[in-house]
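Data first, discussion second: the structure below is written as structure tokens.
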Amino acid sequence: MASGETDAEGKPGKITGWSGEIVHAYNLLTRLFCLQFVFLVVSFLVFLFACHLFIPNTHFEHEVRMRHEGLLKHSRLFAKADLDLILKGASPFTAGQAYKVDFHLVVPESPPNRDAGMSFVELILFGENGTTTARLSNSFLPVYQPSIIDLMDTLMFSPFYLFRIWRKEQQLVIRLHEAFVDNWELPSVRAEVHLSADHLHWYSSRLVVNAVFNPLTKILNSHTWVFCLIFMVVEMLIFNLCLLCFVVIRYHKTVFVACVAFLSNLVPGGAGSGPHRVSVSTQTTVHAEEIEEDDQDPDKLPKSVHESPAALTLSATAETQRTEDDDSPILILGTDSSSDSF
């Protein structure tokens, strides 16, 4: 009965010990999870900040509402439009990034446009102080179609034209620059579009700007969130690896020593097996350091290193006798057995 009571009393203590370890492990895992969550949020913010700094504006466009200014020489029409290029409080052109600048013009397929000659469009960029930073221009001509092809097209798609589903028009893309790089000292914030044409009619127009990328940067800008996920996973792996190394070095020094010994065995020239080498190194480290200190300290060496053992014994005995008997002025030493007993 006594043993049963002892067992009954011992079980609750054992359960209490296991519950304490479980609570301790739970608290440790909770802290680790919170720390990893904070590090994950910080890495996400760092990635967004890096994207804001290094990823340029990839695309922007502005609708151009041109107004007639008057007639130039030789009955040529002159139109003008003002554009505000400020995007999110700054210039839309990222410093150092090349851009492809296009001017899109939608014109109807009408007899005046069919007979129109060469037209000219110019884009003038201005800085904050009104200084001209760049001039981009190009000439264009509406696509010519023979009358027979135009008639066949009208007859074939006449139902769509009748119900206003389609309309006969041409979209002209005028390339103003292949790789335009804005002035980083004086960024462009405003622009003017000048159009000079000969009896040209149009529906609408807009300015389209696209960034020019190489294949690698194009993939990076096209799949930004994929690279964000990869960046965060790599950062979490590095963080967990550093945390594991810290825990091993801080709380498990024997495991760290065993790992170092195992890695040292992999190096050519290492002698001995892993466990024996660890035990020898851990036990003899202190003794080796003491021996090295004794060898390097000249004050701890004896005065006469080359004396024989008997002479050293006699000198030690003489010094002892002199300290015990200060009244004896002379001490006769010998090398026989009586001197040793003395």
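Take the stretch 202-246 and flag every residue that is farther than 30 Å from residue 93 by Cα and either aromatic (Phe, Trp, Tyr) or surrounded by 13 or more Cβ atoms within 10 Å (Cβ to Cβ) (or both). Let's see the steps before the verdict.
Applying the first criterion (farther than 30 Å from residue 93 by Cα) to the stretch 202-246 yields 233-246.
Passing the criteria: 235, 236, 239, 240, 243, 246.
When residues in the stretch 42-63 are screened for being under 20 Å from the mean Cα position of the chain (by Cα), more than 13 Å from residue 221 (Cα to Cα) and surrounded by 14 or more Cβ atoms within 10 Å (Cβ to Cβ), 3 of them pass. Report yes if residue 42 is without any contact (Cβ under 8 Å) to a residue 60 or more places away in the chain and among the β-branched types (Val, Ile, Thr), otherwise no. So residue 42 fits the description; yes. Please verify whether residue 138 is in contact (Cβ under 8 Å) with a residue 40 or more places away in the chain and either surrounded by 13 or more Cβ atoms within 10 Å (Cβ to Cβ) or touching a Leu at 6+ places or on another chain (Cβ under 9 Å) (or both), treating the condition exactly as stated. For residue 138, the condition - in contact (Cβ under 8 Å) with a residue 40 or more places away in the chain and either surrounded by 13 or more Cβ atoms within 10 Å (Cβ to Cβ) or touching a Leu at 6+ places or on another chain (Cβ under 9 Å) (or both) - is not met.
In the set 145, 171, which member is closer than 12 Å to residue 105 by Cα, polar (S, T, N, Q), in the same structural domain as residue 115 (by TED's automatic domain parsing) and touching a residue at least 24 places away in the same chain (Cβ under 8 Å)?
Working: 145 fails: closer than 12 Å to residue 105 by Cα.
After applying the criteria, what remains is 171.
Of the residues 151, 155, 186, the single one that is without any contact (Cβ under 8 Å) to a residue 60 or more places away in the chain, of a type in the set (A, V, I, L, M, F, W, C) and under 20 Å from residue 101 (Cα atoms) is 186.
The values are calculated or read from the model by the stated rules, or taken from the named source; none is laboratory data. Fair warning: this is a prediction, and the values are worked out from it, not measured in the lab. Don't worry about glycine lacking a Cβ; one is built from the backbone with ideal geometry, like all the others, and counts go over all protein chains shown.
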